Amino acid sequence: MSRTGSLYIDRNTIFHRLDGSIKLMLWICWTIFIFMFMDIRVFAIMTIVGFVLLRIAQIPFKSIKPLLIFIIIFTIFNSILLIIVTPEYGSQLTGKYTVLLNLFGVKLTMQTLFYALTLSLKYISLLPITLLFLFTTNPSEFACSLNRLGVSYKVAYSISIALRYIPDVRDEMINIINAQEARGVPFKKGDANTIKLLKNYLTILFPLLISSLQRVDVVSNAMDLRGFGKYKTRTWYNRRPLELNDYIFIVISIALVILGVFVKNNFLNKFYCI
Amino acid sequence: MSLISFKNFSFRYKNLKAPTLKNINLDIEAGQKVLIAGPSGSGKSTLAHCINGLIPFTYKGEITGSLEINGIRPYEKSIYEISKYVGTILQDQDGQFVGLSVGEDVAFSYENDNVPVDIMHKGVNKALKEVEMINFIKEVPHNLSGGQKQKVSIAGILATSANILLFDEPLANLDPYSSKKAMDTIDSIHKNQNKTVIVVEHRIEDVLEHDFDRIIVIDNGEIVADGTPDELLPDNILSYYGLREPLYIEVLKSCNIRLSKEDKISKIENVKKFKDSIVKDYNLNSKVKDESDKKVVLSVENISYKYYKDSEYVIKDISFNINSGEVMAILGNNGAGKSTLLKVISGIARQQEGTIKYMGEPIDRWSVKKRGQVIGYVMQNPNHMITKNIVFDEVAFGLRNNGYDEDFVKKRVEDTLKVCSLYQYRNWPIMSLSYGQRKRVTIASILAMQPKIIILDEPTAGQDYRNYREFMSFLDDIKKTGISIVMITHDMHLALEYAQRAVVMSEGRLIINDTVYNVLSNKEIIERANLKETSISKLAKIYDVEDKSSFLEYFTNKIKDGANC
C-alpha cells in the first residue's frame with residue numbers, strides 16, 4: 001500500500017483507460033455470473049481468464065501476493081469449517097456417498113471434499129476481477145463512478161472523503177500510540193499479554209475519536225462553505241465522456257450475464273461433481 | 001453603500017445565555033484589506049462566521065439588528081447564496097482540503113455548481129497558476145506542506161466569483177517562512193484582483209508588515225478599536241486587549257518614546273528617527289552576562305537516521321548536549337528533521353548511526369518505556385495525549401502503568417497538580433477544561449513521572465498572547481525544579497524570551513548550536529534555515545548597531561521584564 005493508502009498502480013493499459021464505472025459494472029456482472037453456478041469447470045475458466053486480465057493490466061504479482069495469500073487462507077479456513085460442520089453435505093447434493101473417512105459414525109465423503117474445493121475456487125475466481133478494479137482505478141474516480149451507476153452523489157462523495165482522510169487518521173493514530181508508549185503503555189508483542197495489548201489499543205480510541213469528530217466538523221464546514229449539496233446533481237472534475245472501449249465493455253458485461261443465464265438454464269444447472 | 005455593513009448587530013448562540021457579539025456597527029468598503037484582531041474568546045471568529053454564513057446556518061442562534069453583504073441579508077438566504085460573495089479559508093489547512101488531489105480540491109466549487117468539465121479544467125489551471133501551484137496539480141494532499149495546502153485552498157476560492165476573501169487565522173500551524181509566503185500570496189491577490197480581504201488573526205507582527213488599511217479590535221463581543229495601523233499602534237490599545245504588538249514598537253515604548261499617528265510607525269523604516277534614544281538606552285544599560293558551566297544530562301553524538309535501508313538519511317550526523325536546568329529551542333522549518341530527531345531521542349525511532357548518552361551512559365538499547373522515565377515528550381495537540389476522563393486519572397496514568405502503588409501515585413499526582421496549578425481541577429472531567437488547561441494537564445501527566453528532560457512540541461501554538469504569557473510563566477516555574485526543557489517552535493520570539501540556547505536544523509543537518517541571541521542575529525543562518533528575523537533584529541540593522549546579538553538580548557529581556565511586572 002502506498003503512503004496515501006490507495007492500491008492504485010499507475011500504468012497505461014486498456015483497463016486503466018477504461019472508465020471506473022464500467023469496471024465497476026464489469027465487476028458486478030462478473031460476480032452475478034459466478035454466483036449463478038456451482039461448477040468447478042466454470043470457476044477454473046473464470047479464474048484463468050481473470051488472471052490473464054490482471055496480466056494485461058500489468059499488475060505486478062508482487063503487489064497482489066499479500067491479498068492472494070489472505071484469500072487462500074480464508075478459503076482454507078472456510079473449507080475446514082464446512083467439512084467439520086457438514087461432512088456429508090456434498091453427498092446430499094449429489095446422492096453419491098464415497099466415504100473417505102469414518103470417525104465414530106460421522107462420515108466424510110469425497111463429494112463434500114470436492115464441494116469444498118469448488119466453493120474455494122468460487123471465491124478465488126472473484127479475486128482477480130476485484131483486484132483489477134482496485135489496482136487500475138484511480139481513487140479519484142471511485143466517487144464519480146458510483147455516481148454514474150446511479151448512486152446519489154452525496155453517498156458517493158462520502159467514500160471519496162473517507163479515502164481522503166484515512167491516511168491522516170492513520171498518521172494520527174501512530175502519533176497517539178507513540179505518545180502512549182512513552183508513558184509506559186505496551187503496544188508491542190512480548191511487552192504484555194495479548195488481552196492487555198488489545199485493551200491498550202482500545203484506550204487510543206478515545207483520543208482518536210475526539211480528534212476525528214473535530215475533523216468532521218471542519219470538513220463539513222469547509223464543504224458547506226464551498227457549496228456542496230447546492231443542487232440535485234453535480235459535475236466531476238475527473239469524469240470523461242465514455243469512449244468506444246467503454247461501450248465495448250458494457251456489451252461484454254451484459255453479454256456475460258446473458259451467457260450465464262443461458263448456460264445455467266440449459267446445461268450446468270446443478271452442483272457438478274466428478 | 002458599503003460592501004459589508006453591520007448595524008446594531010448582536011448574536012447569541014442557542015445554548016448560551018449571553019450574546020457573543022454585542023451591538024456591532026461596522027462598515028467594510030469594497031477593496032479594503034482589513035485585519036480583525038482580538039484575544040481568544042473575544043468573538044472574532046463568531047464575527048467571521050456571521051460574514052460567511054456558518055452563522056446562522058450551521059451554528060444556530062439568535063440575531064438582532066442587521067447585516068448586509070452586497071446588499072443582501074445573508075441570514076435570510078442560504079449558505080450557498082453567501083458563498084457566491086464570500087470565500088472562506090479556514091485555519092485547519094489539512095481539514096479543509098476535501099479533494100483527493102490538488103486539481104480536484106480546486107474544482108470542488110465548480111463541481112457543486114454543475115460547471116461543465118472543460119470549463120472547469122480551464123478555471124482550475126488558471127487559479128492554480130495564480131497561486132503558483134500549477135506544477136502540483138496531480139499531487140495528493142499527503143505530500144504537501146501546510147503552506148502548500150493553504151495555497152490550494154486559496155486557489156479553490158479564486159476559482160469562484162467571490163469578491164470577499166475571508167481568512168480565519170491563516171497563519172496558525174504555519175512555520176515562519178510559509179507564513180510570510182502566505183501573506184505574500186494574500187497581498188498579491190488583493191492587489192491584482194481587486195478583492196476585499198478580511199483577515200482574522202492574532203499574530204499581529206506577522207500580518208502588519210503587509211500593508212493593512214484597517215485594524216478592527218474585538219474584545220468581549222464588542223468592537224473596541226477601529227482605525228488604520230498608524231492610528232492604533234502609537235496607543236497601547238493592542239496590548240491593553242491582550243494582543244501582542246509588533247516587537248519593534250514594544251522596544252520603542254519600553255524606552256518611553258512618545259509616538260503619534262504622524263510618525264507612521266506601521267512601517268519599520270519610519271522609526272529610524274528614534275535612533276538616538278534607543279541606542280542611548282542600549283549603551284547605558286546593556287551588560288555582558290557570564291555563562292556558567294552546567295552539567296550535561298543528555299548527549300547526542302553523531303546521530304543519523306533513515307526510514308528505510310535504501311532511502312536517504314532524514315537526519316545526518318547530529319551532535320549536541322542538553323544541560324541540566326536549561327531551556328533549549330530547536331528551530332527549523334517543517335521538513336527540516338526536527339520531529340525525526342525527537343523520535344530518535346525518545347526512542348520511538350532507532351538511529352542507524354551514532355549514540356545517545358544519558359548521564360554518560362549509552363541508552364541506545366533502552367526501550368521506549370524506560371526512556372520515557374527520563375525523557376518526557378509532550379505532543380503539540382493535547383487531545384492526542386489524553387485518554388482518561390478525569391484530570392487525576394490522566395496524570396496518574398503513566399505512574400500506574402509503571403506499577404507504583406496507589407498511595408505513592410496519589411501523593412505524586414497531587415504534588416504535580418499543585419505545581420501546575422491544577423489541584424483544584426483534580427476531579428474535573430478533562431473535556432470541560434479549556435485548551436490551555438488541557439495542555440497543562442498533558443504536561444502534568446509527563447511531569448508526574450519526574451523525567452530529567454521534557455520535550456515540548458510547539459508549546460504555544462494556537463494560544464493568544466494572554467495565554468502564552470500565562471503558560472510560559474508556568475514553564476518558568478517548572479524550570480525551577482531543575483528539569484531541562486527542549487522546545488520545538490516556529491515562534492522566534494518565544495525562543496528568544498525563554499530559551500538560552502538554540503539548535504537550528506536545516507535539511508536534516510544541524511547547522512548551528514549557539515546562544516539563542518547569536519543564532520537569531522545571524523543573517524546567514526536565518527536565510528539558510530528559512531527562519532524569520534524578528535523586528536528587533538531589523539531595528540538593530542536600521543540603527544547600525546555593531547553587536548546585533550547583544551542588542552537583541554538587551555531588548556528582548558527589557559520587553560519581557562516590562563510585560564511581567
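Note down the magnitude of the dipole of the protein assembly as shown about its Cα centre, charges +1 on Lys and Arg C-beta and -1 on Asp and Glu C-beta and zero elsewhere, to the nearest 20 debye. The dipole of the protein assembly as shown has a size of about 2740 debye. Cα centroids of the stretch B:123-196 and the stretch B:412-439: how far apart, whole angstrom? Between the Cα centre of the stretch B:123-196 and that of the stretch B:412-439, the gap is 39 Å.
Can you list the trypsin sites (Lys or Arg not before Pro) in the stretch B:1-92 that are in a DSSP coil and have 15 or fewer other beta carbons within 10 angstrom?
When the trypsin sites (Lys or Arg not before Pro) of the stretch B:1-92 are filtered for loop state and at most 15 Cβ neighbours within 10 Å, B:14, B:17, B:60, B:77 remain.
Among A:156, A:182, A:116, the largest mean-square fluctuation in a Gaussian network model of chain A (Cα springs under 10 Å) belongs to A:182. For the options A:145, A:79, A:125, a Gaussian network treatment of chain A with springs between C-alpha atoms closer than 10 Å singles out A:79 as fluctuating the most. Rounded to the nearest 10 degrees, the inclination of helix B:146-158 to the longest alpha-carbon principal axis of chain B is 10 degrees.
For chain B, the longest principal axis of the Cα atoms and the long axis of helix B:465-479 meet at an angle of about 0 degrees. Taking Cα centre as origin and charging only the Cβ of basic (Lys, Arg, +1) and acidic (Asp, Glu, -1) residues, the dipole magnitude of the stretch B:296-535 rounds to 500 debye.
Normalised by 2.2 N^0.38 Å, where N is the number of residues, the alpha-carbon radius of gyration of the stretch B:4-229 equals 1.00.
Go ahead and estimate [θ] at 222 nm for chain A from helices alone: -39,500 (n - 2.57) per DSSP H run with n ≥ 4, summed, over the residue count, rounded to 500.
Working: 11 runs with 190 residues, N = 274.
One gets -23500 deg cm²/dmol as the mean residue ellipticity at 222 nm.
Filter the DSSP H helices in chain A by two things, a Kyte-Doolittle mean of at least 1.0 and an axial alpha-carbon span of 30 angstrom or more, and list the hits by number. If you can, show how the numbers build up before the last one.
Working: long enough: A:61-85 (35 Å, 2.24); A:110-136 (40 Å, 1.46); A:153-182 (44 Å, 0.13); A:244-266 (33 Å, 1.64).
Helix filter hits for chain A: A:61-85, A:110-136, A:244-266.
Here the sum of -39500 (n - 2.57) over DSSP H runs of 4 or more residues, divided by the residues of chain B, equals -11000 deg cm²/dmol at 222 nm, to the nearest 500.
Tell me the relative contact order for the stretch A:141-237 as a rounded percent, counting alpha carbon contacts under 8 Å between residues six or more apart.
Details: 39 pairs, mean separation 23.9, N = 97.
Once divided by the residue count of the stretch A:141-237, the mean separation gives 25 percent.
Residues considered: A:176, A:252, A:76. Largest GNM mean-square fluctuation over chain A, using C-alpha springs under 10 Å, is found at A:176.
To the nearest ten degrees, helix B:176-193 and the longest principal axis of the Cα atoms of chain B are 10 degrees apart.
Do you know the relative contact order of chain B, to the nearest whole percent, from alpha carbon pairs under 8 angstrom that are 6+ apart? Write out the running numbers ahead of the final one.
On the way: 1031 pairs, mean separation 76.0, N = 565.
Relative CO of chain B lands at 13 percent.
Go through the stretch B:463-565 and name the GluC sites (Glu not before Pro) that are in a DSSP coil and have 15 or fewer other Cβ atoms within 10 Å of their Cβ.
Numbers: sites: B:470, B:497, B:507, B:524, B:527, B:533, B:546, B:553; in loops: B:507, B:533, B:546.
The qualifying sites are B:507, B:546.
With θ taken as phi - 60° and the Karplus curve 6.51 cos²θ - 1.76 cosθ + 1.60 applied, the whole-hertz 3J(HN,Hα) list for the stretch B:301-309 is 10, 6, 6, 10, 8, 9, 6, 10, 3 Hz, x standing for glycine and proline. DSSP finds beta bridges in chain B, and of those with both partners inside it, around 55 percent are antiparallel.
Scan chain B and hand back the longest stretch that contains none of the chymotrypsin sites (Phe, Trp or Tyr not before Pro) lying in DSSP loops with at most 12 other Cβ atoms within 10 Å. Can you show the working numbers first?
Details: sites that count: B:307, B:308.
Here the longest run is B:1-306.
Values in this text are rule-based calculations from the coordinates and carry no lab data. Here the structure is a predicted model, which means the values were calculated and not measured. All Cβ positions, glycine included, derive from the backbone under ideal geometry; neighbour counts span all protein chains shown.
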